[in-house]
Amino acid sequence: MIEIKDLHKSYKMGSNVLHVLKGINFKVEEGELVAIMGSSGSGKSTLLNILGMLDGADSGEYTLDGVPIKNLSETKAAQYRNKFLGFIFQSFNLINYKSALENVALPLYYQKVPRKERQEKAMKYLERVGLKPWADHLPSELSGGQKQRVAIARAMAAEPKVLLADEPTGALDSTTSYEVMDLIQKINDDGNTILVVTHEEDIAHMCKRIVHLKDGIIVEDKKIEQVRAEQYV
Amino acid sequence: MWLFDKDLWIEIFHTLGKNMLRTFLTMLGVIFAMIILVLLLGSANGMSNGFNKLFAGTASNSLFVWGQSTSEPYKGFERGRRIRYKLEDANILKTQIPEIEVLAPRIELGNHRGTVTVYRNGQTSGSAVYGDFPEIDNITKKKLVEGRFLNQTDIEGSKKVCVIGEETYKLLFDKGEKAIGQDIRINGIYFSVVGIYKPNNNINIDGENAVFIPFTTFQKAFNSGDRMGWMAIAVEESTPVPVVEKQIKDILKVKYDIHPDDERAIGSFDLSEIFNNITAFTTVLKGFSFFVGIFTLLAGVIAISNILLITVKERTQEIGVRRALGATPKIVKRQIVVEAIVLTAFAGLVGFAIAVGILSILNAMFGSGDNFPFVKPMISVPQFVISFILMVGLSVLIGLLPANRAVRIKPIDALREE
């Protein structure tokens, strides 16, 4: 599904060059649930940004579902993001003047799905995250866990190849975190490929594989026994 | 075609509708600008209409021609010869110059601008006495207070009837006394009053104190033969008066053996000149109003651009999310520009509605005044369409500014901003 070969990325900070990613090689198969771990400055967010086509790599290869991702124009990147990727952010990033349903329907709007179909699909995914009764509520009327569930529904609405979650539980208390992870695990059970960036050990162990990043290189990549979040909920 | 993309419009109205206060504040500048533009233009139009109303009934494209004395000797005639026209001149001019629409010959008792004593029951009035054809009414319309003006039957029957001015009525009759059907006496001959007119206090050619009798009656009563004092001539709308004026003078100069270079022998007055001056004045006024209004509008639209620019900054995160979810730069740009257009157009319409309301009130207050030139102050459809197109055009150009700013926001930066 995802294949990365010898990925490099550096940022210019004035006269200094900050080498963030120093040759990353890794592969994700369909249906995997991968945790990317590392302390801050390890390059995990940069890696996720490149995977999310929000940023470009300096060198190296990136193939997503057989499509080479290279030298994308802004327009092309937007279209690929819409088609291939679903984003889940730490701070949810819901549009605050749109209802839960409208937020979920937004990626479908950019896919030019007809309005009615859009609403139905969005409602379906809201139901899946257990928020159907909250469809007409604004984000400000929802709790943190509910917001993140809306965001997950939104990420899934466009039926992407890969879900990218950037610290999805970072803004949540532990109980709510486990609820969200439970949802992510269930989505993964249905066969969806998910990448989770986190620095929390317990969250990482709820995935099926942990990739450890340190100073721009992968120091550890291991399959683990998944801890089900359900038992903590 | 994105213009008919229902989803886009829903998205736009949704965004604007959910941010009512912001939307309203953004529109305020354009609303006021539009009010100012429409009020200025409407007032200028009202003034123009007012002048038109004041001069209603006076054929604006007309001239008057009368005889004076020659200033050059010619063909054996000495200078200082008095030119006296004959009634036949009227027909000659009319047949030779097709541009003449109406030609009303007139003769007056006594000298030019002279007065004659008019008697009635021991009361007297020094009035101008004119012999006229009914056609004169097509050039300088009389506002009749009572009765009627001279008509063709009066001419054909040489009836001893007359139409008198209000001033004449006041001098000859007691207050409230009925004048229609009463007789007045001029040079020993009795005329029956058939109408009283009110002087037109704007363009006053005949004076307030005057008596009009049928031309044919005048000929018989005062034995004037085929003499004619002066002519009131209405020229068809498309022909400039000076062109016809020259033709008339050329014909008359030949007929009366006047030196071709003699400027003084034939007196004339071009009424269209006055109207042209007034028209020029109101046109300049309208142009100026438009100019000021459009620049005010420009300021209003710039205000919209400014606020959109601020809101783009405020919406950085939202735009970043939209980009991450698959909004292409084109879609983001379009959304901002269409927001600018919708805001401007809607604000323009609101301002327009308010201004039209104010103009209607002004019209109700001052519009009916007879002497104040302010009638139906309203902007015309073309003026409205032009201002509107200009406004929307400007909003597109100016909407591009915040739109480009929005496109420059990288989703990655927008999402990092927390």
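Laboratory data are not the source of any read-out in this text; all were calculated from the coordinates shown. Keep in mind it's a predicted model, so treat the numbers as computed, not measured. Reconstructed Cβ throughout: ideal geometry from the backbone, glycine too, with neighbour counts over all protein chains shown.
Summary table
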quantity	calculated
HN-Hα J in Hz across segment B:10-20 - Karplus 6.51, -1.76, 1.60, θ = phi - 60°, x for Gly and Pro	4, 4, 5, 5, 4, 4, 5, x, 7, 10, 3
Nitroxide proxy distance, nm - points 7 Å out along Cα→Cβ at B:GLU156 and A:ASP136	8.3 nm
Residue mean of other protein chain beta carbons inside 10 Å, B:325-335	6
Estimated [θ] at 222 nm from DSSP helical runs (n ≥ 4, -39500 (n - 2.57)) normalised by residues in chain A, nearest 500	-10000 deg cm²/dmol
Proxy reagent accessibility, fewest Cβ within 10 Å first, across A:VAL211, B:VAL396, A:VAL219	A:VAL219, B:VAL396, A:VAL211
DSSP-defined beta bridges in segment A:2-232 - what % are antiparallel, rounded to 5	55 percent
Shielding of A:75-86 by partner chains, average beta-carbon count, 10 Å	4
Nearest-ten-degree value, helix B:87-96 long axis tilted from longest Cα axis of chain B	40 degrees
Exceeding the 22 Å Cα-Cα cut-off - candidates A:LYS70/A:LYS112; A:LYS9/A:LYS208; A:LYS98/A:LYS147; B:LYS53/B:LYS246	A:LYS70/A:LYS112; A:LYS9/A:LYS208; B:LYS53/B:LYS246
Using θ = phi - 60° and Karplus 6.51 cos²θ - 1.76 cosθ + 1.60, couplings along segment A:197-206 (whole Hz; Gly, Pro as x)	8, 7, 10, 8, 4, 5, 5, 4, 6, 8
Tensor-based shape of the protein assembly as shown (alpha-carbon gyration tensor, a/c under 1.5 rounded, otherwise prolate or oblate)	prolate
Selected from B:ILE35, B:ILE386, B:ILE180 as most flexible by GNM, with chain B as the system and alpha-carbon contacts under 10 Å	B:ILE386
Cα-based helix-to-principal-axis angle, A:144-157 vs chain A, degrees rounded to 10	80 degrees
Segment B:VAL381-B:VAL243, length gained on full extension (0.36 nm per residue, minus Cα span)	46.3 nm
Net charge contributed by nearby residues that have their C-beta within less than 9 Å of B:PRO242 (K/R +1, D/E -1)	-2
Cα gyration tensor category, rounded, prolate or oblate, for chain B with a/c compared to 1.5	prolate
Two-site FRET efficiency, A:THR63 against A:GLU120, from Cβ-Cβ distance with R₀ of 30 Å, rounded to 0.05	0.35
Residues in segment B:296-334 reached by a label modelled at B:PHE24 [backbone nitrogen below 19 Å; 7 Å Cα→Cβ]	B:304, B:307-308, B:311
Tilt relative to chain B, helix B:329-366 - C-alpha long axis, 0 to 90 degrees, to 10	30 degrees
Residue order, fewest to most beta carbons within 10 Å, for B:THR216, A:THR175	A:THR175, B:THR216
Most to least packed among B:6-12, B:188-194 [average Cβ atoms within 10 Å]	B:188-194, B:6-12
Simple label model, 7 Å out from Cα along Cβ direction - A:GLU74 to B:TYR119, nm	10.0 nm
Amide H partners (placed H, <5 Å) of B:VAL375, local residues excluded	B:MET47, B:ASN49, B:GLY50
Average beta carbon contacts from partner chains per residue of A:100-109, 10 Å cutoff	3
Cα shape, segment B:84-255, gyration tensor, a/c 1.5 rule	prolate
Listed peptides A:106-112, A:38-44 by packing density, highest first (mean Cβ within 10 Å)	A:106-112, A:38-44
Order of B:THR316, A:THR169, B:THR117 under a 10 Å beta carbon neighbour criterion, fewest first	B:THR117, B:THR316, A:THR169
Whole-Hz couplings from phi, Karplus 6.51/-1.76/1.60, listed for segment B:314-322; x for Gly and Pro	5, 9, 3, 5, 4, 5, x, 4, 4
